[in-house]
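To keep things clear, I will list the structure first and then write my remarks on it.
The numbers here are math on the coordinates, done by the rules we state, and not lab data. Predicted, not measured: the structure shown is a model, and the values here were computed from it. With ideal geometry, Cβ positions are generated from the backbone for all residues, glycine too; neighbour counts draw on all protein chains shown.
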Amino acid sequence: MDLSSLKPADNSTKTCKRIGRGQGSGKGGTATRGHKGQKSRSGYSRKIGFEGGQMPLQRRVPKYGFTNISRKEYKGINIETLEKLAEKKGLTTIDIDILVDAGLAKKNNLVKILGNGTLTKKLEIKAHAFSKSAIAAIESVEGTIVKL
């Protein structure tokens, strides 16, 4: 056995269709494109969303609204969640790093503390924003607020 006797395994290779190489090939004439029509012509490329001349969906559906470029997205965290976290880990101060470690926020999130639930423990909370009800609840148990 030598290198000249090597050949690929059976059915592992296929011969390519030689399209448009004369009638004798069986793929001459229309070259598998059918007769006439836009798709049979050279240089044909269909636009994205083209629906055969019917008004495309992106033109049938009206445009509305706008995107406010100065909007700030906050990750909302309720004070009841902070209460549970403080009890579980025995904390007196809660900041962004602690919330990230607990999986409540991501590193680059802006965090807003919301007032849902009750607070019984005096906490020092550091966040980017606070709701009015959260401020009232934290200050009612003599906790402190630090806006970042």
Mind telling me which of LEU110, LEU123, LEU57 comes out most flexible in a GNM of the chain, alpha-carbon contacts under 10 Å?
LEU57
Are there GluC sites (Glu not before Pro) in region 39-148 that DSSP puts in a loop and that have at most 12 other Cβ atoms within 10 Å, and which ones?
GLU73, GLU142
Cross-link list LYS14/LYS36; LYS75/LYS147; LYS106/LYS147; LYS84/LYS126: which exceed 23 angstrom alpha carbon to alpha carbon?
LYS14/LYS36
Could you give the semi-axes, largest first, of the ellipsoid that matches region 69-133, computed as the square roots of 5 times the alpha carbon gyration tensor eigenvalues and rounded to whole Å?
20, 14, 9
For the chain, what size does the Cα cloud have along each of its three principal axes, sorted from largest down, in whole Å?
94, 62, 23
Cβ-placed point charges (K, R +1; D, E -1), dipole of the chain about Cα centre in debye, nearest 20:
1740 debye
Could you give the angle, 0 to 90 degrees to the nearest 10, between helix 79-89's Cα long axis and the longest principal axis of the Cα atoms of the chain?
80 degrees
